[in-house]
Amino acid sequence: MRKKFCSICLCFAVILPVAAQSVPGDDDKPRKPARSAWFACTSILDGLENPVMVMCGKNIVKLELPRFMTSDPVKIPEDGIIRLVRQVPDPEDETKIKYLVLAEAKIPESVSKALIVLMPLPKPKGDLVFAAMVQNLASFKGGDRMFINLSNTHIRVKFGREEVKIAPQKVNIYQAPNLTKPTNTPVMYEFYHPGHKKWRILTASTVVLRPTRREINIFNDGTRIGNIKKHKVLFPLPIKRP
C-alpha cells in the first residue's frame with residue numbers, strides 16, 4: 001500500500017492595515033482552472049464570530065467553520081494567501097474600517113487543492129489567534145485517512161494488516177484500496193510511550209471506509225505523558241453532477 005509522508009508547514013501573520021475591496025474579474029483574460037482550499041479547525045475559540053470572514057486576495061467571504069467537518073471551499077487567489085480576518089473600525093478614522101488578521105496561510109503555486117488546518121495558539125501573538133497548517137490534497141481520494149501528528153511522540157495506526165506510522169510533527173495518509181461500496185475494516189491506534197519505551201494502545205474498533213468520504217485525524221498532546229487526544233474531521237467528496 002503506497003503511503004504519503006510529509007512535513008507540517010505553519011504560517012503566521014500580522015495586522016492588515018487597510019480595508020480590502022472586491023474588484024470585478026477581467027473576462028478577456030484566459031481562465032485557468034480554479035484552485036480551492038478547505039478549512040478544518042481543531043477547536044472553535046470562545047468569542048470567535050462564526051461564520052468567520054475569509055480574505056482571498058481582494059475578496060472577502062463569510063464562511064462557517066464546522067467543528068467536526070471541513071468547511072465549504074474557497075477560491076485560492078493568485079498570490080496564494082488566504083487570511084482569516086476580523087473587521088474593526090479604524091481608530092484614526094471611524095468612517096473607515098480595517099481588518100485584523102487572526103490567521104494566515106500561504107498556498108504554494110503548485111497546489112491546486114489544499115487543506116488549511118487551524119490550530120488555536122496557546123498564547124495569542126497580538127491579534128493572531130490561530131496557527132495555520134497547509135496540506136496538499138492532490139492524492140487524498142475517497143476512503144483515505146489523513147493523519148496529522150501534532151504530539152511529541154510517534155503514532156501508529158493499523159488497518160487490518162496494513163500499518164501507517166506518523167512521526168511527531170508529520171503527516172501521513174492511509175491510501176485505501178479502490179472502493180465501490182462501504183467496507184468494514186478493523187483499526188487500532190497506538191502511540192509510543194517515551195517513558196515505558198513501548199507501543200501502547202490508544203483505542204481499537206471497526207470503521208467503515210466509504211468511497212464518498214475521506215477523514216482527517218489530528219493528534220495532540222494531552223495533560224500527561226501518553227494521554228494523546230484525537231480529533232476527527234470528516235471530509236466528504238464533492239457531489240458529481242450529471
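The values are calculated or read from the model by the stated rules, or taken from the named source; none is laboratory data. None of these values were measured; they are calculated from a predicted model. No Cβ is skipped: glycine too gets one built from the backbone with ideal geometry, and neighbour counts run over all protein chains shown.
Against the list (1) surrounded by fewer than 15 Cβ atoms within 10 Å (Cβ to Cβ); (2) farther than 20 Å from PHE219 by Cα; (3) touching a Phe, Trp or Tyr at 6+ places or on another chain (Cβ under 9 Å), the condition ALA167 fails is (2). The residue of segment 144-153 that is surrounded by the fewest Cβ atoms within 10 Å (Cβ to Cβ), among those that are within 20 Å of the chain's Cα centre (by Cα) and not in a strand (DSSP E or B), is ASN152. The set of residues in segment 170-184 that are surrounded by 14 or more Cβ atoms within 10 Å (Cβ to Cβ) and either out of contact with any Cys (no Cβ under 9 Å at 6 or more places or on another chain) or among the hydrophobic types (A, V, I, L, M, F, W, C) (or both) comprises VAL171, ILE173, TYR174, GLN175, ALA176, LEU179, THR183.
Scanning segment 34-74 for residues that are of a type in the set (Gly, Ala, Ser) and surrounded by fewer than 15 Cβ atoms within 10 Å (Cβ to Cβ) gives ALA34, SER43, GLY47.
When each of LYS98, LYS113, LYS106, LYS141 is tested for being in contact with an Asp or Glu (Cβ under 6 Å, 6 or more places away or on another chain), touching a residue at least 40 places away in the same chain (Cβ under 8 Å) and surrounded by 13 or more Cβ atoms within 10 Å (Cβ to Cβ), the lone residue that passes is LYS98.
Please tell me if GLU163 is farther than 30 Å from PRO73 by Cα, part of a strand (DSSP E or B), out of contact with any helix residue (DSSP H, G or I) (no Cβ under 7 Å at 6 or more places or on another chain) and among the charged types (D, E, K, R). Show your work before the answer.
Values: farther than 30 Å from PRO73 by Cα: yes; part of a strand (DSSP E or B): yes; out of contact with any helix residue (DSSP H, G or I) (no Cβ under 7 Å at 6 or more places or on another chain): yes; among the charged types (D, E, K, R): yes.
Here the answer is yes, as GLU163 does meet what is asked.
Exactly one residue out of GLU163, GLU190, GLU109 is of a type outside the set (Val, Ile, Thr) and out of contact with any strand residue (DSSP E or B) (no Cβ under 7 Å at 6 or more places or on another chain), and it is GLU109. Residues that are at pLDDT below 90 and surrounded by fewer than 19 Cβ atoms within 10 Å (Cβ to Cβ) are absent from segment 129-136 altogether.
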